[in-house]
Amino acid sequence: MNPSAAMASQPNRDLPPLPGRAPQPIVEVRSISKTYAGGIEALSGISLEFPEGRLTTLLGPSGCGKTTLLKIIAGLIPATGGQVLVDGREVTGPGPERAFVFQDFALMPWASVIRNVAFGLELRGVAHSEREAIAERHIARVGLKGFERKYPHELSGGMRQRVGLARALAVDAKVVLMDEPFSAVDEQTRRKFQEELLELVANEGKSFIFVTHSIEEAVYVSDRIALLSRRPSRVSAIIEPQIQRGGDPEKIRRDSAYLDVVEAIWQQLRHYLD
Amino acid sequence: MQISELAPALPALREAPARRWRDLLIHPLVLRLLSFAAVLALWEYAGRIPLSPAFPTFLETLGGLGAIMADGTLFKAFLITLHPLVIGLTASILCGIALGVLMGLHEPSEWLFAPIFVIAQAAPLAALIPILTFAYGIGLTAKVMTVCIMAMPVIVLNTLGAVRNTPKSLLEMGSSFLATRSQSIRLIILPAASPMIFAGLRLGCAAAFIGVILAELLITPTGIGDVISYNQSVADYPKMYAAILSIIVFSVLFIELLERIEVTLFRPEARP
Amino acid sequence: MVISGIRLPMMAALLVWAVVWEIAGHTDAGFILPPLSRIIWRVFEIVPTASFLDALLITGRAFLLGNTIAIAVGVPLGILMGRSVIADRLLLPWVNLFLSAPLSALVPVIMVLFGLGETTIVLTVVLFSMWIIVLNTRAGIRAISPSLVEMARSFGSNRWQAFSRIYLWAALPEILAGIRLGVVRAVKGVVIGQLLVSVVGFGTLFEIYQSHFLMEHFWALLLVLFAFAFTLNELLARLERRFGYYAAAR
């Protein structure tokens, strides 16, 4: 049976809290290392598992190589050593089961919103009317109905990232990779995004890998956090915030479990700063 | 910041009259008209002093313009001048963009060809005109070649730079959504490069006009170059100035038109 | 470009072209395009001659004077346009017009007004180089972050200090870029001027070599001029890079 279909029928927030062993990992990172041409060692033997249907965050200080790891998982840059398995198959390049959301949105300024959202489908040769219908659905899904014929420069930063998100959803990939997607939007929009992201994880039945440098954001949205150390980066801790997310999203930010996890991670990270 | 505060100056009717006059005076359109009027008035005045017997007034120049327009000289001259210009410019644009794109996508060709164009861009290529005349005679070919050597380097180098400067995140976006090489060239690299390619085309056009006039003045007097040098030799300065004025206005309008076409066709983000 | 691990310097391709030129020079094309080796030989022959040095002196003087005028007028004009909206709106249409107009058509005007002498060459240089200096200076001044100016004012700087300590330095990368582009245009202008006037400086040499079919001499002269233009461009680009480090960080 297709595991992702099973997940979709049953919102996974109702699952019992994660036990010590995660469910079936959708993405597996096995002793990945990356050394750049200049001899800079960015990642050193990282191994991680990303459970299916969950949101896993790579958290770490600026320049720790978390974006590098995400792009290696995406197949955008090659690793120097180790391997990445997605759904049991080794990654050699980008694939249709993964979709990427970019930090700087990466929207084509010459193309309208709908063409940007449908771009992944356009590249796959989906017929024009069909891909526009799919794109329209996802534009509505991210709350941009009515903006289909606008151009990126006519949208605010937050709306642009919604376009980037709709584009990633439109190709219906199993894994959505998000590279600091909310770092270029203002704080209010950011909080709104975080709440919507929780809803997305709960209802879409997709697996999310999320990169951020914000501790609060990581704890708020994640089922599982991989804390990365400074360069050369290793996994210094795996944290699974056991936060009850039902009901008022604002409540979570005052929830004592939430605040405790944030504090604990901060204590872990602060000694890197010294 | 000041500009945006001043732009809606006209409808500010409730304010004091003095303020209103001031706002009207510094309105962009008013200032532009004022600027042109001032320069033309200065020209008229300098011509009347007279600054030099070879400096006709603006009105005399307009008269000269009327004369060469009325007897059809100007129209015929433009047709002749446009001939090498259009051929040379078309060739330069087609070859220049093709070569620039090739160099931008294929590193060995960049290594081989770029140094030539880098030097050509900095060098006074006009000095090649006598050699082109030796090689191709005094006919159309030499003039077309002149236009090409003037216009091509800037078109090639801008295209190369444009292709090279495709935003990295757009390229990554393309490959993460599984674009093939040809899709990524067609759908990402070329559209992203088009503003800078067009900037190169505008510069190339300006250089092509310089080239064609130079060719007509140096190789053999034809077209506008002939009208300029003939009227210079018979000291009919109003007509000479009128011919120069007309080709300058024509080239500026031509380049302006190119920019309009670019914005309407390719640049949604630059449309008002 | 990198071939099997070895980095080939970019300009090394010119050696390839030099070989192509040399070979082409030994074919039928040799009448128009003599072999490079003989042209280089000619360079050493004509450079020490009195007529060449004379032409160099006259051209160099006109070139320097023209550029000095263009910078002395262009930079303040650009600063004025960058600071004052009214000046900007009055002058910008003209700067743009002269920037894209076929200036070669204006050289005959300068010729009939100022004769066939050095003045004409100097004015041609100014005409070619000034507008890009104005435009770049203006862009540099406009790119200065308002907070930098406010910083200076909050520490009590007066107008002159703000100008000399902030505006000039903050806009320096663009000003230098403008000067480099202006100088490149000026080299083209000075050659166009001398081709059209043809009784001053290198114009005389062009005329003599051309009328006597001295192709080797002509090419030797071109080689010297091109090398000079390229070197000048590179030197100014290096100066620009020395100050360019903060252009993005302003």
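The values are calculated or read from the model by the stated rules, or taken from the named source; none is laboratory data. Since this is a predicted model, take the numbers as computed values, not measurements. FYI the Cβ positions are ideal-geometry reconstructions off the backbone, even for glycines, and counts take in every protein chain you see. For accessibility, only protein heavy atoms count, side chains too; no ligands or nucleic acids. Shrake-Rupley method; radii C 1.70, N 1.55, O 1.52, S 1.80 Å.
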For this session: Could you please find all residues in the range A:43-73 being within 26 Å of residue B:177 (Cβ to Cβ), in contact with a helix residue (DSSP H, G or I) (Cβ under 8 Å, 6 or more places away or on another chain) and buried (at least 23 other Cβ atoms within 10 Å of the Cβ)?
Result: A:43, A:46, A:53, A:54, A:55, A:57, A:58
For this session: Tell me, please, whether a residue that is acidic (Asp, Glu) and over 30 Å from residue C:34 (Cα atoms) can be found in the range C:202-210.
Result: no
Seminar exercise, completed: If we keep only residues of the range B:163-181 that are within 7 Å of chain A (Cβ to nearest Cβ) and among the hydroxyl-bearing types (Ser, Thr, Tyr), then the residue least open to solvent (accessible area, probe 1.4 Å) is B:176
Exercise. Among the residues of the range C:73-92, is there at least one that is open to solvent by less than 50 Å² (accessible area, probe 1.4 Å), over 27 Å from residue B:259 (Cβ atoms) and in contact with a Leu (Cβ under 7 Å, 6 or more places away or on another chain)?
Worked result: no
For this session: Give the range C:111-132 a look and list any residue that's part of a helix (DSSP H, G or I) and farther than 21 Å from residue B:243 by Cβ, or say none.
Result: C:118, C:119, C:121, C:122, C:125, C:126, C:129, C:130, C:131, C:132
Exercise. When residues of the range C:193-242 are filtered for being within 11 Å of another protein chain (Cβ to nearest Cβ), charged (D, E, K, R) and more than 16 Å from residue B:119 (Cβ to Cβ), how many remain?
Worked result: 1
Exercise. Which residues, counting only those in the range B:154-207, are in contact with a Ser or Thr (Cβ under 8 Å, 6 or more places away or on another chain) and either among the small types (Gly, Ala, Ser) or closer than 29 Å to residue A:178 by Cβ (or both)?
Worked result: B:162, B:171, B:174, B:175, B:184, B:188, B:189, B:192, B:193, B:200, B:204, B:206
Problem set entry | Residues of the range C:79-103 satisfying the condition of being in contact (Cβ under 8 Å) with a residue 24 or more places away in the chain and more than 27 Å from residue B:247 (Cα to Cα) | C:79, C:81, C:82, C:83
Seminar exercise, completed: Residue set A:193, A:208, A:182; condition aromatic (Phe, Trp, Tyr) and either open to solvent by 30 Å² or more (accessible area, probe 1.4 Å) or in a strand (DSSP E or B) (or both); output residue A:208
Exercise. Does residue B:184 meet the test of being crowded, with 18+ Cβ neighbours inside 10 Å, touching a strand residue (DSSP E or B) at 6+ places or on another chain (Cβ under 7 Å) and either of a type outside the set (Phe, Trp, Tyr) or farther than 30 Å from residue B:47 by Cβ (or both)?
Worked result: no
Problem set entry | Subset of the range A:74-84 (residues that are hydrophobic (A, V, I, L, M, F, W, C) and either within 11 Å of chain B (Cβ to nearest Cβ) or free of Cβ contacts under 8 Å to residues at least 12 places away in the same chain (or both)) | A:74, A:76, A:77
Problem set entry | Candidate set: the range C:1-48, residues that are over 21 Å from residue B:119 (Cβ atoms) and polar (S, T, N, Q); chosen: the one modelled with the highest pLDDT | C:27
Exercise. Hey, any hits in the range C:168-187 for a residue that's open to solvent by 70 Å² or more (accessible area, probe 1.4 Å), within 12 Å of chain B (Cβ to nearest Cβ) and within 25 Å of residue B:122 (Cα to Cα)?
Worked result: no
Problem set entry | Filtered residues of the range A:52-81 (kept if part of a strand (DSSP E or B) and more than 13 Å from the chain's Cα centre (by Cα)) | A:81
Problem set entry | Selected residue (only one of B:229, B:246, B:184 is away from chain C (no Cβ under 12 Å), of a type outside the set (A, V, I, L, M, F, W, C), touching a Leu at 6+ places or on another chain (Cβ under 9 Å) and assigned to a helix (DSSP H, G or I)) | B:184
For this session: Could you list, in sequence order, all residues of the range B:233-243 that are within 9 Å of chain C (Cβ to nearest Cβ) and open to solvent by 50 Å² or more (accessible area, probe 1.4 Å)?
Result: B:235
Problem set entry | From C:58, C:46, C:69, residue being in the same structural domain as residue C:206 (by TED's automatic domain parsing) and in contact with a His (Cβ under 9 Å, 6 or more places away or on another chain) | C:46
Exercise. Between residues in the range B:204-216 that are at the interface with chain C (Cβ under 7 Å from one of its Cβ atoms) and farther than 19 Å from residue B:256 by Cβ and residues that are open to solvent by 10 Å² or more (accessible area, probe 1.4 Å) and in a helix (DSSP H, G or I), which pairs lie under 9 Å by C-beta distance while being six or more apart or on different chains?
Worked result: B:214/B:150; B:214/C:195; B:214/C:196
Seminar exercise, completed: In the range B:134-151, anything touching a helix residue (DSSP H, G or I) at 6+ places or on another chain (Cβ under 7 Å) and not charged (D, E, K, R) is listed as B:136, B:140, B:142, B:144, B:145, B:146, B:147, B:148, B:149, B:150, B:151
Problem set entry | Which listed residue, of C:49, C:68, is exposed (fewer than 13 other Cβ atoms within 10 Å of the Cβ) and hydroxyl-bearing (Ser, Thr, Tyr) | C:49
For this session: Would you kindly identify the helices (runs of 4 or more DSSP H) lying entirely within the range B:38-149 that contain at least 2 residues that are surrounded by fewer than 16 Cβ atoms within 10 Å (Cβ to Cβ) and touching a Phe, Trp or Tyr at 6+ places or on another chain (Cβ under 8 Å)?
Result: none
Exercise. Counting only residues that are part of a loop (DSSP other than H, G, I, E, B) and either open to solvent by 40 Å² or more (accessible area, probe 1.4 Å) or at the interface with chain B (Cβ under 8 Å from one of its Cβ atoms) (or both), how many does the range A:85-104 have?
Worked result: 11
Seminar exercise, completed: Of all helices (runs of 4 or more DSSP H) fully inside the range C:18-110, the set with 2 or more residues that are within 13 Å of chain B (Cβ to nearest Cβ) and closer than 25 Å to residue C:184 by Cα is C:50-83, C:85-100
Exercise. Which members of the range B:55-83 meet the condition of being more than 28 Å from residue C:114 (Cα to Cα) and within 14 Å of another protein chain (Cβ to nearest Cβ)?
Worked result: B:82
